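Since the structure comes first, as structure tokens, the remarks are kept for the end.
What follows draws every value from the coordinates through simple rules; no lab data is involved. Values in this document were obtained by computation on a predicted structure and should not be read as measured data. FYI the Cβ positions are ideal-geometry reconstructions off the backbone, even for glycines, and counts take in every protein chain you see.
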Amino acid sequence: MAEQEVKQNLIDNYINLLRIKAAETATNKELDIQLKVAKIKLTSYNIDTAGIEQMILG
């Protein structure tokens, strides 16, 4: 898998997790852990997640 594909998959995964979080009414520890891991992976590729978070979570 090319680096660009890896980046796109990470972004898609992060967006999906944020969408789940936005729909959650109760705190979900596992979801929070997965979001943190996805964010670490994204930032390791110098992908800024702030814009994505703003778009999904408002």
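Quick one: angle between helix 3-23 and the longest Cα principal axis of the chain, in degrees between 0 and 90, rounded to 10, please. With both axes taken from Cα atoms, the answer is about 10 degrees. Cα axis of helix 29-44 to longest principal axis of the chain: angle in degrees, 0 to 90, nearest 10? Orientation of helix 29-44: about 30 degrees from the principal axis. Normalising the average separation of contacting C-alpha pairs (under 8 angstrom, six or more residues apart) by the number of residues puts the relative contact order of the stretch 3-57 at 47 percent.
Peptides 13-20, 36-43, ordered by how many other C-beta atoms sit within 10 Å of their residues on average, highest first, read 13-20, 36-43.
At 222 nm, what value in deg cm²/dmol follows for the chain if DSSP H runs of at least 4 each add -39500 (n - 2.57) and the sum is divided by all its residues, to the nearest 500? Here the helix-only value at 222 nm equals -25500 deg cm²/dmol.
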